[in-house]
Amino acid sequence: MDATVRPTGRKIIHVDMDAFYASVEQRDDPQLRGQPVIVAWRGNRSVVCAASYEARQFGVRSAMPAVRAERLCPNGLFLPPDFPRYRAVSRQVREIFLRHSDLIEPLALDEAYLDVTKNKAGLPTATQVARTIREQIRTELRLTASAGVAPNKFLAKIASGWRKPDGLFVIQPEEVDSFLVPLPLGALPGVGQVMEEKLKTLLRNTVNRHSERSEPTSSPTVGDLRKLDLRTLEGRFGRYGVRLYELARGIDESEVIPDRPTKSISAEDTFERDVLLTEMEPMIRKLAEHTWAASRKESRVARTVVLKLKTSEFKILTRSHTPPSPPSSCEELTSIALSLRERVGLSPGQRFRLVGVGLSNFSDPQDASAQPALFT
């Protein structure tokens with residue numbers, strides 16, 4: 001039997017704000033409290049950015065098409081997202097995190113990992129740190145957050161969702177095995193319906209061929225996955241197979257990495273109706289403004305301009321250009337983005353459902369001017 005490798009001595013917290021965008025809206029407008037709030041633009045192409053827990057009772061979820069959300073919750077209160085306001089609140093949450101640790105790895109505006117193996121406040125346990133953070137968020141920002149505490153990032157993220165909303169769940173090192181074994185395979189990162197079916201087939205074909213143990217249930221667990229050895233998983237799924245083997249045993253050596261360098265910044269939008277390339281100029285100009293404004297918050301400089309398009313047949317294509325020197329103004333960014341339309345190479349009658357403008361290839365300011373021009 002494979003021995004489970006015990007976790008390291010790290011103490012990791014994953015904090016996840018509860019229904020963040022919707023909660024900010026309800027906090028700032030008392031009339032919205034207790035109401036089914038859905039943060040989304042109305043329209044056939046829009047998707048839900050966030051849903052209050054009152055709306056979730058009707059089955060509304062993030063990333064769901066807005067038209068479906070409206071069918072599920074006809075009395076839902078639709079509000080257009082206000083990302084500048086959400087970012088401002090996110091910065092306030094981060095300021096609270098910084099009282100306890102400098103090792104903070106944001107995943108989005110509403111969630112982050114913290115390594116509190118050594119915490120700045122001198123609190124005796126990671127559990128107490130998580131409890132204090134949640135209380136400070138509640139008292140100072142009038143919002144709630146759920147938190148998970150565990151020996152590594154993988155387990156902490158699962159734990160933070162265990163008692164949502166407004167919950168705290170702790171997995172002690174000695175509890176890792178008993179916690180993991182009964183979990184469904186879908187609890188592991190990357191295991192969706194397709195991967196679960198592949199694992200069920202592999203379990204059926206491998207475990208039962210070599211042992212008399214009973215066939216895995218129709219909903220196999222992490223305990224079932226542990227029956228597959230490393231060689232089998234790696235042979236079938238490559239590097240991800242190794243990752244599955246480790247996750248099933250509670251192994252995750254990844255560190256909390258603060259301030260990961262930005263790889264790209266972009267803004268995109270989906271049209272109410274499919275449009276021609278020649279009709280896109282107003283939207284490209286608007287998106288370029290958003291992208292440029294976001295890039296001004298970065299200390300590093302972006303050298304490459306990217307135009308992203310999705311055809312009416314859902315085919316995604318990109319065109320990019322790296323000028324001799326980084327774009328120095330919104331006007332220059334816009335000009336390059338508009339010119340990239342000439343390199344799309346499709347028929348004039350082709351229609352598109354989405355357009356995006358992005359910046360990538362970030363580097364330090366002193367290095368940016370030294371790089372040669374590049375077309376891709």
Could you list, in sequence order, the residues of the stretch 190-205 that are assigned to a loop (DSSP other than H, G, I, E, B) and surrounded by 13 or more Cβ atoms within 10 Å (Cβ to Cβ)?
V191
Could we say that D110 is touching a helix residue (DSSP H, G or I) at 6+ places or on another chain (Cβ under 6 Å), in contact (Cβ under 8 Å) with a residue 40 or more places away in the chain and of a type in the set (D, E, K, R) here?
yes
The stretch 1-93: strands (runs of 3 or more DSSP E) wholly inside it with 3 or more residues that are within 30 Å of K227 (Cα to Cα) are 12-17
Which one of these is surrounded by 15 or more Cβ atoms within 10 Å (Cβ to Cβ), in the same structural domain as V194 (by TED's automatic domain parsing) and on the phi < 0 side of the Ramachandran plot: D269, D224?
D224
Flag if R68 is in contact with an Asp or Glu (Cβ under 7 Å, 6 or more places away or on another chain) and at pLDDT below 95
no
Going through (1) at pLDDT 95 or above; (2) of a type outside the set (A, V, I, L, M, F, W, C); (3) touching an Asp or Glu at 6+ places or on another chain (Cβ under 7 Å) one by one, E111 fails only at (1)
Looking at the stretch 192-212, I want the residues that are over 12 Å from K227 (Cβ atoms) and modelled with pLDDT of 85 or more and have a partner that is assigned to a helix (DSSP H, G or I) and not charged (D, E, K, R) with Cβ atoms under 7 Å, at least 6 apart or on another chain. Which pairs are those?
E196/L185; E196/G186
Of all residues in the stretch 256-315 being of a type in the set (S, T, Y) and assigned to a loop (DSSP other than H, G, I, E, B), which is nearest to the chain's Cα centre (by Cα)?
T262
Of all the residues that make up the stretch 64-95, how many are surrounded by fewer than 19 Cβ atoms within 10 Å (Cβ to Cβ) and within 20 Å of the chain's Cα centre (by Cα)?
12
Would you point out which residue out of T117, T144, T132 is within 28 Å of A248 (Cβ to Cβ) and modelled with pLDDT of 95 or more?
T117
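The values are calculated or read from the model by the stated rules, or taken from the named source; none is laboratory data. All values reported here derive from a predicted model rather than from experimental measurement. In this analysis, Cβ positions are derived from the backbone assuming ideal geometry, glycine residues included, and neighbour counts consider all displayed protein chains.
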